[in-house]
Amino acid sequence: MFEQSFKNIDNILHTDSGCATELDYVEQTSWILFLKYLDDLEEDKKKAASLAGKKYEYILAPEYRWNNWACPKNGGGKLDHNKALDGDDLKDFVNNKLFSYLKKFKAEEPNTIEYKIGEIFSELKNKISSGYKLREILNIVDGMHFRLYEEKHELSHLYEAKIKNMGNAGRNGGEYYTPRPLIKTIIKVVAPKIGDTIYDGACGSAGFLVEAYNYLTENQSKLSSGQMATLQNKTFYGKEIKSLAYIIGIMNMILHGIEAPNIRHMNTLAENINDIQEKNRYSIILANPPFGAGIGREIQQNFPIKTGETAFLFLQHFIKILKAGGKAGIVIKNTFLSNTDNASVSLRKLLLESCNLHTVLDLPGGAFQGAGVKTVVLFFEKGTSTKKVWFYQLNLARNLGKGNPLNENDLAEFVKLQKTKTNSDNSWSVDVKDIDQKTFDLSVKNPNKNDEVALREPKDILEEMKKLDKESEEIFKKINQFL
């Protein structure tokens, strides 16, 4: 229904001087889609109130509703060109009136649609420099609707595709896009239930939360109104520091059916983990926290294990904020398993002693587009110490890349074997009592692979170099004889 509409919007943005990248295209499409979604939502609520014999109070004042400023209609339901703003008039209204008005909703109660309106429009600005091109986009979006399930379903898939393109657009793509086959696999293993509270403290575009919602709704024959209310209001929680990712995350969840997403725009690591209380804890954590060094000392003071590595601070946060008996599936750099610095060793010790790290999934290089690091997924439950770790090494017969991405079939054997922690050519178990009790080294060493080259002694290597030097000298002598 809407695929061509999305392409047409991108084509218009591509010719506008204010939008330069795929990131800009998604951002600008998002705020316009959001306002159209809000208009449809208000009309649905008005209809429901009318059927119940009640009067509906609109969120937005009349002049800021879609049908008044974006696409006013004439008696025949067509765009009223006499009332519709265009060019500089439209641009001035959006920049100077509309955005200023919408920002004020940030004063409302958090976790309401009103508060989300205020947050979104406090964090972005209209980058579409041509009012005429903005008019063209508004006319296209006016033809999109968020009323029927089929309409929302298609819009959510198209929006996911845009996020994927954005994720592949640059070297920071991983901030916005974790491969969906991997997310779905992690959720299958963690297996959340309705009533769980699901948390991602570095939620980006909310891929984990969206797929968890899909998992919980698709695996139920029919949800009661109470279960649906629980999913809408008391299940999914996220935090995100970056403005663009935050906005896209909210829009992504809305398109997938969560009306007022519980995502907060904040720096998760700025919270002292000693301040986390039982009421703050969650029963499920699903996350792919950002990797990278350079975290300042003021942030490190919030954690008992001091380190400049972002992901290691997030892992401490996740362990602390997980409820006793809670379950987690977290993506992290594979070097976490073997680094010998004090922070890495201390963190592995903390994880093994406070949680049951029952499964480690070792992913091949190329699993993440645009990211040059190898990763593993840690699956653990909080409350009992680790006795045995089951490892699975994903060995594929092809190299992963843009043309050959990871798919769910690649991970099917892992999901099947993980249920019983079965040993195979790609999987094995390690007793924690057998690992080095000083370093707690958990390196992925597949005992079924015997193709590793044995490392030679330095003395043998030097002897080999001398021998090769001597042979080279003899060859050069013979060549000189012919010159």
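The values are calculated or read from the model by the stated rules, or taken from the named source; none is laboratory data. In this text, all values refer to a predicted model and were calculated from it rather than measured experimentally. Quick reminder, even Gly has a Cβ in these numbers, built from the backbone with ideal geometry, and neighbours come from all protein chains shown.
The residue that is farthest from the chain's Cα centre (by Cα), among those in the stretch 1-45 that are small (Gly, Ala, Ser) and surrounded by fewer than 19 Cβ atoms within 10 Å (Cβ to Cβ), is SER17.
For (1) within 21 Å of MET251 (Cβ to Cβ); (2) crowded, with 21+ Cβ neighbours inside 10 Å; (3) out of contact with any helix residue (DSSP H, G or I) (no Cβ under 9 Å at 6 or more places or on another chain), each residue gets a yes or a no:
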position	(1), (2), (3)
ILE186	no, yes, no
ASP200	yes, yes, no
ALA206	yes, yes, no
THR217	yes, no, no
LEU223	no, no, no
ALA229	no, no, yes
GLY238	yes, yes, no
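Give me the residue from the stretch 355-383 that is touching a Cys at 6+ places or on another chain (Cβ under 8 Å) and not basic (Lys, Arg) and, out of that set, surrounded by the fewest Cβ atoms within 10 Å (Cβ to Cβ). Restricting to residues being touching a Cys at 6+ places or on another chain (Cβ under 8 Å) and not basic (Lys, Arg), the top hit is GLY383.
The condition of being in contact with a His (Cβ under 7 Å, 6 or more places away or on another chain), within 22 Å of LYS116 (Cα to Cα), in contact (Cβ under 8 Å) with a residue 24 or more places away in the chain and part of a helix (DSSP H, G or I) does not hold for ASP44. Look at the stretch 412-433: where a residue is without any contact (Cβ under 8 Å) to a residue 60 or more places away in the chain and a partner is of a type in the set (Asp, Glu) and part of a helix (DSSP H, G or I), sitting 6+ places away or on another chain with Cβ atoms under 8 Å, you get SER424/GLU413; ASN426/GLU413.
Taking the stretch 46-82 only, how many residues are within 36 Å of the chain's Cα centre (by Cα), basic (Lys, Arg) and more than 24 Å from LYS103 (Cβ to Cβ)? So the answer is 2. Within the stretch 92-148, the set of residues being polar (S, T, N, Q), at negative phi and in contact with a strand residue (DSSP E or B) (Cβ under 8 Å, 6 or more places away or on another chain) comprises ASN139 only. Considering each residue of the stretch 164-176 in turn, none proves to be farther than 20 Å from LYS323 by Cα, part of a helix (DSSP H, G or I) and modelled with pLDDT of 80 or more.
Contact map, the stretch 463-477: first residue at negative phi and loosely packed, with under 10 Cβ neighbours inside 10 Å, second residue small (Gly, Ala, Ser) and part of a helix (DSSP H, G or I), Cβ cut-off under 7 Å, separation 6 or more or different chains; the map is empty. With the condition kept exactly as written, say whether any residue in the stretch 304-311 is over 14 Å from VAL377 (Cα atoms), of a type in the set (Val, Ile, Thr) and not in a helix (DSSP H, G or I). Yes; the residues of the stretch 304-311 include at least one that is over 14 Å from VAL377 (Cα atoms), of a type in the set (Val, Ile, Thr) and not in a helix (DSSP H, G or I). Return yes when ASP80 is of a type in the set (Asp, Glu) and at pLDDT 95 or above and no when it is not. Against the criterion (of a type in the set (Asp, Glu) and at pLDDT 95 or above), ASP80 does not qualify.
Residues that are in contact with a Phe, Trp or Tyr (Cβ under 8 Å, 6 or more places away or on another chain) and either assigned to a loop (DSSP other than H, G, I, E, B) or free of Cβ contacts under 8 Å to residues at least 12 places away in the same chain (or both) within the stretch 1-41 comprise HIS14, CYS19, listed in sequence order.
Where strands (runs of 3 or more DSSP E) sit wholly within the stretch 219-287, those with at least 3 residues that are touching a residue at least 60 places away in the same chain (Cβ under 8 Å) and in the same structural domain as VAL377 (by TED's automatic domain parsing) occupy 262-265, 282-287.
Every residue, every condition in (1) crowded, with 17+ Cβ neighbours inside 10 Å; (2) in a helix (DSSP H, G or I); (3) in contact with a Phe, Trp or Tyr (Cβ under 7 Å, 6 or more places away or on another chain), yes or no:
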residue: GLU109; (1), (2), (3): no, no, yes
residue: LYS116; (1), (2), (3): yes, yes, no
residue: ILE120; (1), (2), (3): yes, yes, yes
residue: ASN126; (1), (2), (3): yes, no, yes
residue: ASN139; (1), (2), (3): no, yes, no
residue: PHE146; (1), (2), (3): yes, no, yes
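Checked against (1) touching a strand residue (DSSP E or B) at 6+ places or on another chain (Cβ under 8 Å); (2) outside any helix (DSSP H, G or I), PHE208 passes all but a single condition, namely (2). Scanning the stretch 408-429 for residues that are farther than 25 Å from ARG180 by Cβ and in contact with a strand residue (DSSP E or B) (Cβ under 8 Å, 6 or more places away or on another chain) yields LYS421, ASN423, TRP428, SER429.
To keep it simple, each residue is scored yes or no on (1) buried (at least 21 other Cβ atoms within 10 Å of the Cβ); (2) not acidic (Asp, Glu).
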position: PRO261; (1), (2): yes, yes
position: PRO289; (1), (2): yes, yes
position: GLN316; (1), (2): yes, yes
position: ILE332; (1), (2): yes, yes
position: SER338; (1), (2): no, yes
position: LEU347; (1), (2): yes, yes
position: GLU353; (1), (2): no, no
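LYS323: part of a loop (DSSP other than H, G, I, E, B), basic (Lys, Arg) and surrounded by fewer than 19 Cβ atoms within 10 Å (Cβ to Cβ), yes or no? The answer is no for LYS323. Restricting the stretch 50-92 to residues that are among the acidic types (Asp, Glu) and in a loop (DSSP other than H, G, I, E, B), the residue that is surrounded by the fewest Cβ atoms within 10 Å (Cβ to Cβ) is GLU57.
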